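Below is one structure, written out as structure tokens, with a few remarks after it.
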């Protein structure tokens with residue numbers, strides 16, 4: 001779709017979203033769930049049409065010379081379409097966070113004060129190639145009572161519009177306004193800039209994509225951004241680590257998947273156990289094809305490339321691992337707080353006091369004892385779903401589920417109390 | 001104090017705050033409380049010196065032609081100094097929010113997942129004339145485990161520096177770094193601009209002051225701001241309002257104090273009860289010297305000036321009240337969500353369903369049934385203290401106590417679990 005006046009178009013999108021947000025915020029749980037289930041059915045029923053539109057994106061992508069990896073992420077197979085529908089049904093089955101009242105307590109004045117969970121309002125989501133984000137994000141925003149504006153990548157425009165049609169069908173079936181979920185209909189990059197200036201209508205921006213995209217959005221946005229930057233995650237193998245757990249966790253955190261933000265990028269090893277553990281680990285990593293880069297003390301024990309200062313800050317997202325031998329817990333915590341990205345860090349230890357100190361003193365969104373960093377995930381944490389992982393501190397930190405898409409207001413119940 | 005290079009000075013302040021924040025975040029509850037109690041004692045012991053410095057500010061203020069109201073707010077009487085010390089002792093008696101772990105639950109994978117409350121890091125506070133904010137803010141930030149940078153008004157510079165000396169004495173007595181609380185030592189306005197660009201060191205800015213100050217800060221800041229803009233609060237007297245409660249609440253919400261953000265500025269009255277209630281209310285308001293401005297339907301019942309569109313949006317902070325007669329609950333809610341500032345709004349009704357709808361549908365930080373809007377306050381809500389009231393939606397909404405100065409991270413406890 002070609003739109004002549006992007007500014008006017010995005011203003012309309014914003015205004016419509018704001019108007020729809022009132023209806024969505026007040027919608028009964030049943031109506032929201034009906035819409036989610038109807039969207040799932042519409043996606044299943046529309047599979048052939050969605051795949052036809054997806055083909056257009058794939059053909060255009062090949063012409064534009066997109067990499068095979070990107071084309072793969074863009075492809076909507078039968079299984080992926082089924083997974084999208086299933087995802088919506090799962091969101092429908094989650095408890096509704098909206099309206100939940102907590103901590104309602106009587107005060108000396110006689111009033112009762114508590115908090116009610118309420119939607120944020122309008123959420124703008126800016127993302128790249130995977131079309132499933134369109135469906136996930138729409139479902140999560142709707143369940144949390146928000147209207148949303150979705151701006152996917154230009155390479156997925158036809159797929160996203162086909163999915164948007166199914167989403168609208170679902171909204172209509174449940175009597176909810178179609179503007180509750182709007183997928184931006186133009187690939188013009190100016191639309192992103194316009195979206196980031198819709199502070200009159202949009203309450204928060206959630207970008208999903210590479211660090212470059214996110215940094216541009218943060219720099220440009222007039223609207224608060226819930227963002228995920230680096231995932232430079234650490235595992236620290238303490239002097240009192242159980243060797244079996246240490247090897248199992250250190251191998252899993254690095255090798256279970258490479259291109260994910262919660263994969264370990266730097267391994268820290270206590271000097272007292274380095275000579276015992278590093279050779280075993282090196283063998284495992286070599287078997288998995290992981291390239292090792294070590295500090296001097298590491299290289300005195302195992303054969304690997306030297307690590308530089310850059311390696312301590314690197315988010316490889318690849319089969320590469322930096323290794324440093326440390327004097328003890330203090331140095332491990334200092335290293336993590338200095339070089340880490342505040343994402344997810346784990347200690348492996350059987351020592352109660354050190355576990356306790358690590359949990360308190362490591363300043364990251366997830367801190368773990370004797371578990372793989374790969375668990376940092378909304379589903380694994382029991383949030384039911386995840387719109388992303390926040391490396392910010394304000395509002396939402398770590399995996400963001402439905403709760404992160406809401407806020408709380410105070411409710412006060414009285415029977416005529418006045419302030420004296 | 002004259003500082004030649006404001007940029008370099010503020011960079012140093014920022015760096016020192018960041019360094020101190022680690023120690024404060026790890027400080028034991030006992031050490032923080034010791035510091036708070038020692039600050040209180042130092043303020044009491046230093047009363048004469050504080051008042052001498054305060055005199056310097058008052059003399060300079062008179063020379064500069066400050067209004068009597070401003071000079072009054074600036075004056076540190078014996079009672080106000082005692083109140084500051086008492087405030088610190090109260091903060092010491094509050095439970096420590098830092099390190100509190102909640103919702104720790106087992107997941108199917110065997111890991112236990114919960115949330116730990118942790119400090120934000122470094123908080124920048126920018127405020128105007130009242131020197132007691134220096135002490136309040138320092139105490140709250142410290143108890144919540146944060147370092148802080150305080151930038152008071154130039155008219156209070158000597159008073160604030162005298163208080164800062166007492167605060168440092170308290171920190172030192174408890175073995176905490178003096179840089180945990182830094183009061184900016186220059187009145188140069190460039191220091192505010194520099195503070196707002198210290199995004200490398202400062203996690204959040206809390207401005208306290210008039211709307212003009214806050215809007216300038218939001219426009220200029222590179223750091224997230226927890227802010228309070230208008231307080232255009234409403235009371236809606238429903239058709240099923242108890243007449244006694246209606247009058248009591250409507251009078252209290254307007255007249256108990258005028259210059260406060262939680263005072264009512266617009267009264268909405270259901271048409272069915274307007275003729276009965278408005279004459280009684282007009283009599284009360286007239287007795288209190290409140291000027292009334294009404295819609296046409298109001299003016300058909302009582303004698304008052306006509307209200308304009310501007311009156312519906314006005315935060316008078318004065319003995320003036322806008323009154324509108326509405327058709328019912330829908331119009332009342334629409335009026336509040338359209339003209340209000342999302343601060344605090346109350347309904348007076350004995351009707352269960354309307355009370356429930358008002359609580360859910362009014363999009364304000366505090367929504368009340370049968371209670372005066374004047375209760376919107378951290379102490380009244382049981383937060384123990386208040387750094388301000390947020391009209392934002394993200395992170396903190398409504399009165400902000402110690403909890404609003406913290407965030408939560410995820411803690412994961414395992415015994416060797418890996419992701420499969």
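Here, each number is a calculation from the coordinates, and none is a lab measurement. These numbers were taken from a predicted model, which means no experiment stands behind them. A quick note on method: Cβ atoms are made from the backbone with ideal geometry, for glycine too, and the neighbour counts reach across all protein chains shown.
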query = In nm, one decimal, shortest first: how far is the label point of residue A:313 (7 Å from Cα along Cα to beta carbon) from the matching points in the other copies?
reply = 4.7
remark   = Inter-copy distances for residue B:28, nm, shortest first, label points 7 Å along Cα→Cβ, are 5.7
Antiparallel DSSP beta bridges within chain A, percent to nearest 5 = 30 percent
query = DSSP beta bridges in the protein assembly as shown, what fraction antiparallel, as a percent rounded to 5?
reply = 25 percent
query = Using a ≥ b ≥ c from the Cα gyration tensor of the protein assembly as shown (square roots of the eigenvalues), is it rounded, prolate or oblate, where a/c under 1.5 gives rounded and otherwise the larger of a/b and b/c decides, a/b for prolate?
reply = oblate
inquiry  = Output needed: percent of Cα pairs per 5 Å distance bin for the range A:223-279, bins running from 0 to the one holding the longest distance.
reply    = 4, 18, 25, 19, 13, 9, 5, 4, 3, 1, 0
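Using only atoms on other chains, find how many Cβ atoms lie within 10 Å of each Cβ of peptide A:386-395 and report the average.
Other-chain Cβ atoms within 10 Å of each residue's Cβ, averaged: 4.
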query = In deg cm²/dmol, rounded to 500, what helix-only [θ] at 222 nm does the protein assembly as shown give when every DSSP H run of at least 4 residues adds -39500 (n - 2.57) and the total is split over its residues?
reply = -13500 deg cm²/dmol
Protection proxy ranking of A:233-241, A:328-336 - average other beta-carbon atoms within 10 Å, highest first = A:233-241, A:328-336
key: Chain lengthening between residue B:105 and residue B:257 when straightened (0.36 nm per residue, less Cα-Cα)   = 50.1 nm
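Can you give the mean number of other chain Cβ atoms that lie within 10 Å of the Cβ atoms in peptide B:358-366?
Mean shielding by partner chains, rounded to a whole number: 5.
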note = With label points set 7 Å from each Cα along the Cα-to-Cβ direction at residue B:68 and residue A:420, the distance between them in nm comes to 3.1 nm
remark   = Measuring from the longest principal axis of the C-alpha atoms of chain A, the long axis of helix A:29-45 (C-alpha) lies at a number of degrees, nearest 10, equal to 80 degrees
Fewest-first sequence of B:352, A:201 by Cβ atoms within 10 Å of each Cβ = B:352, A:201
message = I need the inter-copy label distances for residue B:173: point set 7 Å along Cα to C-beta, values in nm with one decimal, smallest first.
response = 6.9
query = What number, in nm² with one decimal, is the all-direction average of the projected area of the convex hull of the alpha-carbon atoms of the range B:57-146?
reply = 8.2 nm²
task = Just check the range B:80-198 against the gyration tensor rule for me: Cα atoms, a ≥ b ≥ c as the square roots of the eigenvalues, rounded for a/c under 1.5, and otherwise prolate or oblate depending on whether a/b exceeds b/c.
result = prolate
request  = Enter the mean number of other protein chain beta carbons within 10 Å of the beta carbon of each residue in A:401-409, as an integer.
outcome  = 3
ask   = Per q in 0.15, 0.17, 0.31 1/Å, what log10 I(q)/I(0) does a Debye calculation on the alpha-carbon atoms of the range B:249-303 return?
value = -0.41, -0.52, -1.44
note = If you rotate chain B onto chain A, the residue of B with its Cβ nearest that axis, and the gap in whole angstrom, comes out as B:395, 2
ask   = What percent do you get for the relative contact order of the range B:233-375 when only Cα pairs under 8 Å and 6+ apart count?
value = 34 percent
message = Quick check: convex hull of the Cα atoms in chain A, volume per residue, rounded to a whole Å³?
response = 173 Å³
inquiry  = For a Förster distance of 22 Å, can you work out the FRET efficiency between the beta-carbons of residue B:350 and residue B:275, rounded to the nearest 0.05?
reply    = 0.70
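Please report the relative contact order for chain A, taking Cα pairs under 8 Å with a sequence separation of at least 6, and give it as a percent rounded to a whole number.
Dividing the mean separation by the residue count of chain A yields 18 percent.
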request  = Take the range A:233-375, drop everything but the C-alpha atoms, weight them equally and run the Debye formula without solvent; then report log10 I(q)/I(0) at 0.14, 0.18, 0.21 Å⁻¹ to two decimals.
outcome  = -0.53, -0.93, -1.36
query = When ranked by the protection proxy of mean other Cβ atoms within 10 Å per residue, highest first, what sequence do the peptides A:147-154, B:107-114, B:376-383 form?
reply = A:147-154, B:376-383, B:107-114
query = Does the range B:12-57 come out rounded, prolate or oblate, given a ≥ b ≥ c as the square roots of the eigenvalues of its C-alpha gyration tensor, rounded meaning a/c under 1.5 and, failing that, prolate meaning a/b above b/c?
reply = oblate
key: Cα pair distances exceeding 15 angstrom across the range A:322-400, given as percent   = 58 percent
